[in-house]
Amino acid sequence: MDKYWKINNAEGKSWIIPTKNAKVALQLYQPSGRNGKLLKALLPFFAPFTSIWSPFPITEEPVEQGLTDFLKKFFPNKDLTFSFFLGTPSAHKKSTIQIAENDNILAYCKTSNNKAVIELFNKEQQLLNWLANVGIKHIPACLYNDTVNGYDQQVFVMSTEKNSQSEVVHEWTSMHEQFLLDLTRKTTTECKFEDSDYHHLLVALNNRLEDLPDGVDKAKVESSINKILENYAGKTLNMVAMHGDFTPWNMFKQHDHLFVFDWEYALRSCPVNLDRYHFFSQQFFFEKHWSAEQVLDYMRSTEGTWMNKEEYMMYIVLILSVFVTREKSKCKSTDLFLYWNALLAGL
């Protein structure tokens, strides 16, 4: 019977990684901190010694037989290895399975029985099909999105280009620039502001200001929303598709290009540059561990190069809406919410 490590982090996330072919299995594990990156590099060396000693608890494969049987039929005549990410704690928590054979990663599979998450699966399938039709390359294709006999969850299987040589890129490069330029060029459409996905999220946040967590300046958020609504009311604008979580851990370098995955929070009609702001903001917070004041100082010193204050305000209001509207009730106060609040106050 295969052995599996269970890895937990301080954010409440868990991975279950097979000791068999551990280097490939760990491609599912995308740490942002130095210790996590070191762990990913060193852990495969412990695999031969798990019968004597293990740095992590040994556990069983967490998947039900019905799903295992389905995946083996979906990828016939393959000696499959599964590794598991058990989901980010949130209202949209879901499991992700990496499916591999030897050094080849065949696909990724997401599962959930949460109605809201199943809606996200359906939305992601439609959006991936649309992006492929307009010519966006190096993104997943949806291979399956439905229920499975003998398994009580929806199953979403998607393709990948990933292999053991794929590299996570943690700094902004010309590849990031080129991907977003291509996305902008191929998805730009004229759209009345009130008909855009962006406007819908602003209105949704405005209706749920009381669900912002304690410590967030609701009056400042409301005034920012009103300023945007007043500036763009009745206007027809060029809107573009937005990935929604364009971060180092949702992409990897493959040869001379980026492969970008996890499009479940993508939008079809948003102002330009918001993906760029999300990448930098998340990188500053999770990887560089900058305070809001450090980020604001950096913005002031580089304004006119990578950022514009009005666009950045539009980004912060959008990301607040994404996090608030996916919860069913008042949000808990977190360091990330306080970070966005401080950034908005400092603009």
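Looking only at the stretch 51-60, decide whether some residue is surrounded by 14 or more Cβ atoms within 10 Å (Cβ to Cβ) and on the phi > 0 side of the Ramachandran plot.
No, that holds for no residue.
Just wondering, is there one or more residues in the stretch 292-307 that are within 19 Å of the chain's Cα centre (by Cα) and crowded, with 16+ Cβ neighbours inside 10 Å? So that I can check it myself, show each step before the final result.
Narrowing the stretch 292-307 to residues within 19 Å of the chain's Cα centre (by Cα): none.
No, the stretch 292-307 contains no residue that is within 19 Å of the chain's Cα centre (by Cα) and crowded, with 16+ Cβ neighbours inside 10 Å.
Filter the stretch 82-108 down to the residues that are at pLDDT 90 or above and touching a Lys or Arg at 6+ places or on another chain (Cβ under 6 Å), then identify the one that is surrounded by the most Cβ atoms within 10 Å (Cβ to Cβ).
Per the criteria, the residue is 105.
Return the residues of the stretch 1-46 that are surrounded by 19 or more Cβ atoms within 10 Å (Cβ to Cβ), of a type outside the set (Gly, Ala, Ser), within 25 Å of residue 90 (Cβ to Cβ) and touching a strand residue (DSSP E or B) at 6+ places or on another chain (Cβ under 9 Å); say none if nothing qualifies.
Within the stretch 1-46, 4, 5, 7, 15, 16, 17, 26, 27, 28, 29 meet the criteria.
Starting from residues that are surrounded by fewer than 18 Cβ atoms within 10 Å (Cβ to Cβ) and within 18 Å of the chain's Cα centre (by Cα), keep the ones in the stretch 138-161 and report whichever is modelled with the lowest pLDDT.
If we take residues in the stretch 138-161 being surrounded by fewer than 18 Cβ atoms within 10 Å (Cβ to Cβ) and within 18 Å of the chain's Cα centre (by Cα), then 161 is modelled with the lowest pLDDT.
Scanning for something within 22 Å of residue 254 (Cα to Cα), surrounded by 15 or more Cβ atoms within 10 Å (Cβ to Cβ), assigned by TED's automatic domain parsing to the domain that holds residue 100 and at pLDDT 95 or above, does the stretch 122-129 turn up at least one residue? Steps first, please.
Looking only at the stretch 122-129, we keep the residues that are within 22 Å of residue 254 (Cα to Cα), and these are 128-129.
Now drop any that are not surrounded by 15 or more Cβ atoms within 10 Å (Cβ to Cβ), which leaves 128.
Next cut, assigned by TED's automatic domain parsing to the domain that holds residue 100 only: 128.
Going one step further and asking which of them are at pLDDT 95 or above, we end up with 128.
Yes, there is a match, as at least one residue in the stretch 122-129 is within 22 Å of residue 254 (Cα to Cα), surrounded by 15 or more Cβ atoms within 10 Å (Cβ to Cβ), assigned by TED's automatic domain parsing to the domain that holds residue 100 and at pLDDT 95 or above.
(1) in a loop (DSSP other than H, G, I, E, B); (2) touching a Gly at 6+ places or on another chain (Cβ under 9 Å): which one isn't true of residue 278, the others all being true?
If we test residue 278 against (1) in a loop (DSSP other than H, G, I, E, B); (2) touching a Gly at 6+ places or on another chain (Cβ under 9 Å), just (1) comes out false.
Among what's in the stretch 236-255 and is out of contact with any helix residue (DSSP H, G or I) (no Cβ under 8 Å at 6 or more places or on another chain) and more than 19 Å from residue 158 (Cα to Cα), pick the residue that is surrounded by the fewest Cβ atoms within 10 Å (Cβ to Cβ).
By that ranking, first place goes to 255.
Report the residue count in the stretch 22-49 for those that are among the hydroxyl-bearing types (Ser, Thr, Tyr) and at pLDDT 85 or above. Give the steps one after another, and end with the answer.
Step one: filter the stretch 22-49 for residues among the hydroxyl-bearing types (Ser, Thr, Tyr), giving 29, 32.
Subsequent filtering for residues that are at pLDDT 85 or above retains 29.
Within the stretch 22-49, residues that are among the hydroxyl-bearing types (Ser, Thr, Tyr) and at pLDDT 85 or above number 1.
Being among the polar types (S, T, N, Q) and touching a Ser or Thr at 6+ places or on another chain (Cβ under 9 Å) is the filter here; which residues of the stretch 88-102 pass it?
95, 96, 98, 102
Only one residue in 204, 233 is more than 23 Å from the chain's Cα centre (by Cα) and surrounded by fewer than 19 Cβ atoms within 10 Å (Cβ to Cβ). Which one? Please lay out each step first, then the result.
Details: 204 fails: more than 23 Å from the chain's Cα centre (by Cα).
Only one candidate qualifies: 233.
The values are calculated or read from the model by the stated rules, or taken from the named source; none is laboratory data. No experiment lies behind these values; they were computed from the predicted model shown. Using ideal geometry, Cβ is built from the backbone for each residue, glycine included, and neighbour counts are taken over all protein chains shown.
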